[in-house]
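The values are calculated or read from the model by the stated rules, or taken from the named source; none is laboratory data. These numbers were taken from a predicted model, which means no experiment stands behind them. Neighbour counts are summed over all protein chains in view; Cβ atoms, including those assigned to glycine, are modelled from backbone coordinates with ideal geometry.
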């Protein structure tokens, strides 16, 4: 299902600070949520601190949509900001993004 959200992605972020530090870029992508992953706060914090670590639940997911946009895994946890992850077929957070309320969508 294609969502009417704008998400700004960071390629191969080292941690959540990399993602937060670059949400002021010029472009945002439209997304299709391919699947949702609910984590505990501890699991989320581990993912957010090491998004480049392998995780089986990301295997084979993500990628570009025809035209423009990305397929993503929506990652949630209680009391945490929702992340949008496009592993582009790999098992790590190759592209990690946050919802933004500005910017053109290609």
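Okay, here's what the table says:
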item: Tally of residues being touching a residue at least 60 places away in the same chain (Cβ under 8 Å) and within 21 Å of residue 17 (Cβ to Cβ) across segment 58-92; result: 4
item: Residue ID - surrounded by the fewest Cβ atoms within 10 Å (Cβ to Cβ), chosen from residues in segment 46-57 that are in contact (Cβ under 8 Å) with a residue 24 or more places away in the chain and farther than 15 Å from residue 97 by Cα; result: 56
item: Complete set of residues in segment 7-45 that are over 15 Å from residue 82 (Cα atoms), in contact with a helix residue (DSSP H, G or I) (Cβ under 9 Å, 6 or more places away or on another chain) and surrounded by 14 or more Cβ atoms within 10 Å (Cβ to Cβ); result: 13
item: So residue 3, is it surrounded by 13 or more Cβ atoms within 10 Å (Cβ to Cβ), assigned to a strand (DSSP E or B), at pLDDT below 95 and more than 12 Å from the chain's Cα centre (by Cα); result: yes
item: Members of segment 67-79 found to be farther than 11 Å from residue 38 by Cα and outside any strand (DSSP E or B), listed by number; result: 67, 68, 69, 79
item: Restricting segment 61-85 to residues that are over 15 Å from residue 97 (Cβ atoms) and at pLDDT 95 or above, the residue that is surrounded by the fewest Cβ atoms within 10 Å (Cβ to Cβ); result: 79
